[in-house]
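The values are calculated or read from the model by the stated rules, or taken from the named source; none is laboratory data. Since the structure is predicted, the reported quantities are computational estimates derived from the model, not experimental observations. As a convention, Cβ positions derive from the backbone with ideal geometry for all residues, glycine included, and neighbour counts pool all protein chains shown.
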Protein chains: 2
Amino acid sequence: MTLLDFDSDRLAQFSAQVRADYEELKAKNLKLDLTRGKPSSEQLDFGESLLALPGEGDHIDADGQDVRNYGNLKGIRDIRELWAEVLGVNPENLLAGDASSLNIMFDLVSWSYASGNNDSERAWKDEEKVRWICPVPGYDRHFTISEHFGFEMVTVPMLEDGPDVAAIKELVKDPQVKGMWAVPTFGNPTGITFSEEVCRELATMETAAPDFRIVWDNAYAVHTLTGEFPPIHDVVAFAEEAGNPNRFWAMSSTSKITLAGAGVSFFHSSKANLDWYLKIAGVRGIGPNKVNQLAHARYFGNAEGVRAVMRKHAGSLAPKFARVVEIMEDRLGEYEVARWTEPEGGYFISLDVIDGTASRVVELAKEAGIALTGAGSSFPLKDDPNNRNIRLAPSLPPVEELEVAMDGVATCVLLAAVEKLGA
Amino acid sequence: MTLLDFDSDRLAQFSAQVRADYEELKAKNLKLDLTRGKPSSEQLDFGESLLALPGEGDHIDADGQDVRNYGNLKGIRDIRELWAEVLGVNPENLLAGDASSLNIMFDLVSWSYASGNNDSERAWKDEEKVRWICPVPGYDRHFTISEHFGFEMVTVPMLEDGPDVAAIKELVKDPQVKGMWAVPTFGNPTGITFSEEVCRELATMETAAPDFRIVWDNAYAVHTLTGEFPPIHDVVAFAEEAGNPNRFWAMSSTSKITLAGAGVSFFHSSKANLDWYLKIAGVRGIGPNKVNQLAHARYFGNAEGVRAVMRKHAGSLAPKFARVVEIMEDRLGEYEVARWTEPEGGYFISLDVIDGTASRVVELAKEAGIALTGAGSSFPLKDDPNNRNIRLAPSLPPVEELEVAMDGVATCVLLAAVEKLGA
């Protein structure tokens, strides 16, 4: 029987119980944090040997160059070839950078804003308006970049197999629509992976703006929770075949594979896009940290080495995700006051509560010492029109803390629901 | 007797000799490179232990935080405090970044262009014109950044104790003058170190633009060739005392101290400037590579550790600089066809040849297999109005190669001179 089917007596009784549970929760004086998609210490330990790599005496890359010295904007061949094999792409179209692919995304947008990109008729700053497609729920840091440059963000819903392509095809008829964010594998926060059909449609669709770009943030390309790796679609190749060679700026990184703040980022795109990027990157600096790139090449050994590390992460993360889902099923399932994703990869569980109550759930949790990501944070301008979505990040806390926190969250979801029902 | 005093017979005889020397030089089929201000392998070996640092098990910083994980835009306290001691500044006003301070300089200019800085009335892109003061000769990569954003570069001459402050004070009466480049210690390529008086005048002078900034690139702050370290003037403090707290964006890095492409960069400025920077840096990314910062803190140990490394560099570099000067004195001294600097620090020797012949010298050297930095490269738009200046970079080649190359360069200087005299 769902909460909505309760008669008023039963609802009152239930409400009293939930309120008592919540008081008990507050009395525990918890201090727990489910906000951050950070790897745990256990996961970081998988990469511990990197702290002593590449090791003394090991400083020459596959091209015979000294990685300790200046130069090589593209990054060293050792890591580019290894990562190209992971992605199944041409290493000539793949750059290796410093630790953060988000840095590269910001720069691509920033430089297009200041000067236009290689297909622009004018700098984006000189456009009357720039519109940007944001599948929702999505990654808050993407939206913050669009917001920073004053772009108008237009949302499209995420469906089972990726964003709503029909809606996107309509939007890109507008020449002011210059780009789109995408997290194609185990998306943040939905866990959804784009189907090959969606990938191909995004690659082949016509756009009014010649300088339209899809920022293809494949942050979780190999971040399985099951040990099964999804296919990685080479959208740059799809787009080239379709006559849209410069459509994708494709990103990935080792941030949640090796060390979260000290990995290697990668940028895969057409030659024309990379040449444009490198020209400005060459004004901005001399080259990325190649010592860290060599350390990573040594650490992984080869593409299979990457997958071996990811199986270890799955072994650490999967039980946490499973416990979150179990607790929600146990505590919330029968009342039908929430829906949640059961992702097969990535870093997040997306929790939808009764419309209008997400911010109240977050507030109640905060009062009980459980930090949740702010309601609405998976939407542009942090505005969830239904006030429904909460992003849960189960990776960082140990299982025991996670269990306590999720049990508390469940109590908050129920309390917000009975409040909403006026009980 | 100088070349200009030669009578025509003696000049003809001399010319024949120089031409014969040049043919002999070409016959050697050299392949030598004096273009790059790169450390040599010997110097990079001083930092070799960094390739195994911080080492397994060492990943907690002075604040108890795990450097392997995300976060901490300011950089870790361990390296900020150490470097603040080197510079003699307040560590709270010092950020530690990734490897490249040039990256930070570009971003500061880029973000001011897109949005204005914390003192701007409008974004620099919306100014009718932005003018930028460029002391010459100066660092080519600085000028390339100003050029990239379309700024009009206005040159001022370098004097013995820094740039011509009287000229600068006139220029900054123009509100469109928004900034200035400076390499205050062992400058590139002149080797000149700004006097305290010049530092204070730049800090205290009135400027029409409230958002005027001096990019204070103290790249060679501790790069002595003599073992003597020049005083490091805290211009941020000078400016604050003078009521111009936000005047300086001050940069330094370990690039030519530890590993050229894999060091740590530093940004020292007022709190308001840093807050503005961090706000946008926090949109661009999550934080710098803190593992590398911890590795550097462990490598140096303390500020004296930095100076100890710099004495080793001096031991490697000083003999090279000395040989270059000796060869020029031997081969060119008596003819008075050139002047050169004898720097006490930094990476360059600045060679002035007879007006109008610098590009010819570079061309002749190239034909003889000796790569020199392009004539004019130390000037905005690579335009040396006197076609006089050549930047010599003695650091990279071993001494034996350097001697051969410099002997060849001397021959080219003489040949260009006799050609100029019509002999």
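Remarks
- A:Lys320 vs. criteria basic (Lys, Arg) and free of Cβ contacts under 8 Å to residues at least 24 places away in the same chain: no
- Applying the criterion of being within 14 Å of chain B (Cβ to nearest Cβ) and over 18 Å from the mean Cα position of the chain (by Cα) to the residues of segment A:92-105, the residue that is surrounded by the fewest Cβ atoms within 10 Å (Cβ to Cβ) is A:Gly97.
- Tally of residues being charged (D, E, K, R) and either within 14 Å of another protein chain (Cβ to nearest Cβ) or surrounded by 24 or more Cβ atoms within 10 Å (Cβ to Cβ) (or both) across segment B:269-289: 2
- A search for C-beta distances below 7 Å between a residue of segment B:53-64 that is farther than 15 Å from B:Tyr299 by Cβ and any residue that is of a type in the set (Gly, Ala, Ser) and at pLDDT 95 or above, counting only pairs 6+ apart in sequence or on different chains, returns B:Glu56/A:Ser49; B:Glu56/A:Ala52.
- Count of segment B:135-163 residues, restricted to those that are surrounded by fewer than 16 Cβ atoms within 10 Å (Cβ to Cβ) and either in a loop (DSSP other than H, G, I, E, B) or aromatic (Phe, Trp, Tyr) (or both), is 3.
- Candidate set: segment A:59-73, residues that are surrounded by fewer than 16 Cβ atoms within 10 Å (Cβ to Cβ) and within 13 Å of A:Val291 (Cβ to Cβ); chosen: the one nearest to the other protein chains (Cβ to nearest Cβ): A:Gly71
- All told, B:Leu95 falls short of being touching a strand residue (DSSP E or B) at 6+ places or on another chain (Cβ under 6 Å) and modelled with pLDDT under 95.
- Qualifying residue in segment A:38-52 (condition: under 28 Å from A:Pro394 (Cα atoms), modelled with pLDDT under 95 and not charged (D, E, K, R)): no
- Of all residues making up segment A:344-374, the number that are among the basic types (Lys, Arg) and touching a helix residue (DSSP H, G or I) at 6+ places or on another chain (Cβ under 8 Å): 1
- Criterion violated by A:Gln293 - all others in (1) buried (at least 23 other Cβ atoms within 10 Å of the Cβ); (2) more than 23 Å from the chain's Cα centre (by Cα); (3) within 25 Å of A:Val264 (Cβ to Cβ) satisfied: (2)
- Of B:Glu81, B:Glu48, all but one fail to be surrounded by fewer than 19 Cβ atoms within 10 Å (Cβ to Cβ), more than 30 Å from B:Ala368 (Cα to Cα) and not assigned by the TED database to the domain that holds B:Gln293; the exception is B:Glu48.
- Candidates A:Arg36, A:Arg19 - the one that is more than 14 Å from chain B (Cβ to nearest Cβ) and either of a type in the set (A, V, I, L, M, F, W, C) or surrounded by fewer than 20 Cβ atoms within 10 Å (Cβ to Cβ) (or both): A:Arg19
- Filtering segment B:241-266 to residues that are among the aromatic types (Phe, Trp, Tyr) and farther than 22 Å from B:Ala209 by Cα leaves only B:Phe266.
- Among the conditions (1) within 14 Å of chain A (Cβ to nearest Cβ); (2) closer than 18 Å to B:Leu87 by Cα; (3) under 21 Å from the mean Cα position of the chain (by Cα), the only one that B:Ala262 does not satisfy is (2).
- Among the candidates B:Ser253, B:Ser195, residue that is within 18 Å of B:Tyr139 (Cβ to Cβ) and of a type outside the set (Lys, Arg): B:Ser253
- A:Leu317 passes every criterion in (1) more than 14 Å from every other protein chain (Cβ to nearest Cβ); (2) buried (at least 17 other Cβ atoms within 10 Å of the Cβ); (3) over 23 Å from the mean Cα position of the chain (by Cα) apart from (3).
- Residue within segment A:106-118 that is more than 14 Å from chain B (Cβ to nearest Cβ), touching a helix residue (DSSP H, G or I) at 6+ places or on another chain (Cβ under 7 Å) and surrounded by 18 or more Cβ atoms within 10 Å (Cβ to Cβ) present: yes
- Looking only at segment B:377-402, residues that are touching a helix residue (DSSP H, G or I) at 6+ places or on another chain (Cβ under 7 Å), assigned to a helix (DSSP H, G or I) and closer than 19 Å to B:Asp140 by Cα come to 2 in all.
- Scanning segment A:164-192 for residues that are in a loop (DSSP other than H, G, I, E, B) and of a type in the set (Gly, Ala, Ser) turns up A:Gly187, A:Gly191.
- For segment B:359-375, filtered to residues that are in contact (Cβ under 8 Å) with a residue 40 or more places away in the chain and out of contact with any Leu (no Cβ under 7 Å at 6 or more places or on another chain), the residue that is nearest to B:Asn188 (Cα to Cα) is B:Thr373.
- Single unsatisfied condition, A:Leu381 versus (1) buried (at least 16 other Cβ atoms within 10 Å of the Cβ); (2) in contact with a strand residue (DSSP E or B) (Cβ under 8 Å, 6 or more places away or on another chain): (1)
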